[in-house]
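Please treat every number below as a calculation from the coordinates, not as lab data. Model, not experiment: these values are computed from the prediction. Quick reminder, even Gly has a Cβ in these numbers, built from the backbone with ideal geometry, and neighbours come from all protein chains shown.
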Amino acid sequence: MVKYPWNQQTMLVCVDSYENGVPQGQIFLPGQPGERFESLSQLLLRGEQLYERSGGVQSYTTPRVFALANPLPPAPCAAGELTRGNLATFEMRILFRQNASWQGELLWMEKNARQSFRSVLELITLMDSALRALDS
């Protein structure tokens, strides 16, 4: 494992597989155990849950929900260690949680390519374009 400089705005996304547009892997916040995700919606919902628990980047709106999702068992990862996805690894730096969405920067670690995003939809589009590029 490589030591990694964590901060409260950084979420590490380790993608292990990407089939038919569905990513699977783990996400990590500093000092917290990882969470597995098996779809894009799980990635976003689990990321939101991690931020709520950590008290890091604060939401500007109260989420409207019908029921709370049950998280998958946490994956082991020591704070400050860099875990890599089998397929790709992204550093998501969430700067704001406004308008019921996320704004920040996405770093595709294997290519050292960085791009800003203004919404979760832009984040999804960026990750999808990177993962599709691996298929070609």
In whole Hz, with x marking every Gly and Pro, tabulate ³J(HN,Hα) for segment 92-106 from phi via Karplus 6.51 cos²θ - 1.76 cosθ + 1.60, θ = phi - 60°. 9, 9, 8, 8, 9, 10, 10, 6, 6, 8, 10, 10, x, 10, 10
Counting sequence-distant residues (5 or more places) and residues on other chains, those with an amide H built under 5 Å from that of MET11 are MET92, ARG93, ILE94
Taking a label point 7 Å from the Cα of PHE96 along the Cα→Cβ vector, which residues of segment 104-128 have an amide N closer than 14 Å to it? 104-105, 117-120
Sequence-distant residues sharing a close amide H with GLY34 (under 5 Å, placed H): ALA75, CYS77
Could you give the length gained on full extension between ARG84 and ASN20, defined as 0.36 nm per residue of separation minus the Cα-Cα distance, in nm? 20.9 nm
Between the modelled labels at GLU38 and SER129 (7 Å from Cα along Cα→Cβ) the distance in nm is 3.1 nm
